[in-house]
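Scroll down for the structure; my scribbles are underneath it.
What follows draws every value from the coordinates through simple rules; no lab data is involved. Everything numeric here is computed off the predicted structure, so don't read it as measured data. With ideal geometry, Cβ positions are generated from the backbone for all residues, glycine too; neighbour counts draw on all protein chains shown.
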Amino acid sequence: MAFLMKSMLSNQVKNLGLGGGGEESKEESTPSDPAAAAGMTREEYEEYQKQMVEEKMERDAAFAQKKAERAVLRVHLREKYRLPKVSL
């Protein structure tokens, strides 16, 4: 309840212009360019993004390969020991 009262009062004070204007100026000064926000040049940022995409593709490929290997092993063991297929 106290939080609600405090937020209501602070919003009214901001609307009157008596205080709390510092937050608005901070929001305006933030750069809209993600490269500038990260502290990089545009070229560095593009290279970084390209690297991140390549790494994600490598991780996805490795995951898919491991998943396929597990599936093959599961099928092999199921055939070897004549285990029933478990459906979830």
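Here each label is just a point 7 Å from Cα along the line to Cβ, and for Ala64 and Leu88 those points are 2.1 nm apart.
Each peptide in 81-88, 39-46 gets a packing score, the mean of other Cβ atoms within 10 Å over its residues, and the list from highest to lowest is 39-46, 81-88.
Taking 7 Å steps out from each Cα toward its Cβ at Asp33 and Ser10 produces label points 3.3 nm apart.
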